[in-house]
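First up is the structure itself, then whatever we jot down about it.
Every number here is computed from the coordinates shown, using simple stated rules; none is lab data. Predicted, not measured: the structure shown is a model, and the values here were computed from it. Backbone-built Cβ (ideal geometry, glycine too); neighbour counts: all protein chains shown.
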Amino acid sequence: MAYMVSGGLAAAAILAAGIALAVPAIADTAGESWAPKTFTLDNGMDVVVLPDHRAPVVTHMVWYKVGAVDEAAGKSGIAHLFEHVMFKDTDDLADGEFDSIVSRRGGQLNAFTSWDYTAYYERVAKQHLGKMMELEAERMTDLIIDEDPAGSFITERDVVKEERRQRVENNPGVILRERVLAEFWKGHPYEITVIGRMEEVSALTPQDGQDFYTKYYSPENAILVVAGDVTEAEVRALAETHYGQIEPSGLVDGTRLWQDVMPLQATQLITHSDPKVRQPVWFRYYNGSSMLSDREFTLALEVGLDVLGGGNTSLLYQALVEEQKLAIDVGTGAWSFLHDEGPTLIYATPSPGIDMQVLEDAVMAELRSALAAGFDEVDIERVRNSMAASAIYERDSQVGMANNFGSWLAIGGKVEDLLSYPDDVRAVTAEQALAAVRKVFAEDRNYIEAHLLPEEGE
């Protein structure tokens, strides 16, 4: 079980030139055989079927349209805590029985929480799909939450507190990122990391858990995604049997706590030093965009960012790592697959002996030079084909595709957007990509600069 603090850093994988050149043929073939199906049960539960008949295996996911963004003031961390509690006792399942039933059938399972959603999945042989639906339906309706100090809610609350100590408070890079995002999203529901604030998690009560469960864990607030060796008819019959009988709570009105992200009002520097840091890192966070709210601009931005800093063939990497030897790594990225606008960032790790200010000056000089000169059409073509190819090859992964559809639909996206992505990204022009990155990295834009540093004297 895990929580997602980044919402997914969007960066296309760079493929070999031969693969990239083969994209049109791949796209044509995939379009004929790969056809997602969607329908909605009478109780409001949405269903997506992603056929993949290469092996008798299925990936079964249930996505709830609730995440850290929906938490009440002072109740941070409850969405992630609840993900833990969902693996515990129900009326018909003892603690640990859910896991053992799946593992005895040779399956895999996990769950994760983001600001925008919570998801649960199992991957099993096809004949066990009905059982997976039975298990998920059981914990959708009959989870046990009580005041017992040895019960699931209170014990898992202690587990989450320890998880925060290990994964956040013991990790200098995560501490710095948490501080940066708290400033970047100040006043926005994304401001608090998904795992929550320690003091607020400690104060969560079983009644808080019961209220959260009653409101959000209802079929009309869920999306079922099944990828694998199944047909729409098979999934429909099983879904109606196991999920279709569940009455909606009537408490879900579709409203979420999403809101516009305000532009940064000032430029600031945030530093974090720690004896565990062996290699300093330099960051700049700028206001970015969201694929959901401004698709055309965000597609152009992602292409432009990939040309600038998307791997060892990018302009910044070639200049600063290969030629000038000032950095051992440099790159750009964007958190563009959240519902609300995420940051666009540029980062670099200095070579041994290189001062942070020297690195910053060099990175920004190369960035300004690249934006002034414009992009070569060859670089744009390479990146467009690579990003399109990556999207197409993701269809080879059941879990990957179930994740893509579930996460996109959970924030209000449309199936058509995912199907058209390869063609849409190939349609981005050099002019559009250049305009997008020029806008984000404009000289008059405020930003948050962040330095991860070894402890002084280390």
If each part is reduced to its alpha-carbon centroid, the stretch 121-145 and the stretch 392-458 end up apart, in Å, by 32 Å
With Cα coordinates, the longest principal axis of the chain makes an angle with the long axis of helix 295-309, in degrees rounded to 10, of 50 degrees
Residues ILE195, ILE448 arranged by fewest to most Cβ contacts within 10 Å: ILE448, ILE195
Looking at the chain, identify the longest residue range that excludes and avoids all trypsin sites (Lys or Arg not before Pro) in DSSP loops having at most 10 other Cβ atoms within 10 Å. 55-277
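Give me the number: length gained by fully extending ASP329 to LYS276, i.e. 0.36 nm times residue separation minus the C-alpha to C-alpha distance, one decimal in nm. Can you show the working numbers first?
Working: separation 53, 0.36 × 53 = 19.08 nm, distance 1.95 nm.
Extending this stretch completely gives an extra 17.1 nm.
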The Cα extents of the chain along the principal axes, largest first and rounded to whole Å, are 64, 54, 38
extent check for the stretch 284-349: Cα max minus min per principal axis, descending, whole Å, gives 39, 18, 12
Which value does Rg/Rh take for the stretch 78-224 over its C-alpha atoms, Rh per Kirkwood? 0.99
With an 8 Å Cα cut-off and a minimum separation of 6 or more residues, compute the relative contact order for the stretch 140-279 in percent. 31 percent
Would you mind checking the tilt of helix 152-164 against the longest principal axis of the Cα atoms of the chain, expressed as 0 to 90 degrees and rounded to 10? 10 degrees
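What net charge do the residues around THR267 carry, taking every other residue with its C-beta under 9 Å from that of THR267, with Lys and Arg at +1 and Asp and Glu at -1? Display every interim value, and only then the final one.
Details: positive: ARG445; negative: GLU449.
Here the count lands on 0.
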Mind sorting SER336, SER397, SER293 by how few other Cβ atoms lie within 10 Å of their own Cβ, fewest first? SER397, SER293, SER336
Count the DSSP beta bridges whose two residues both fall in the chain, then state the antiparallel fraction as a percent rounded to the nearest 5. 75 percent
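Once Rh for the stretch 268-454 is found with the Kirkwood sum over Cα pairs, what is the Stokes-Einstein diffusion coefficient at 10 °C and 1.306 mPa s, in µm²/s?
Values: Rh = 17.5 Å.
For these conditions, the coefficient is 91 µm²/s.
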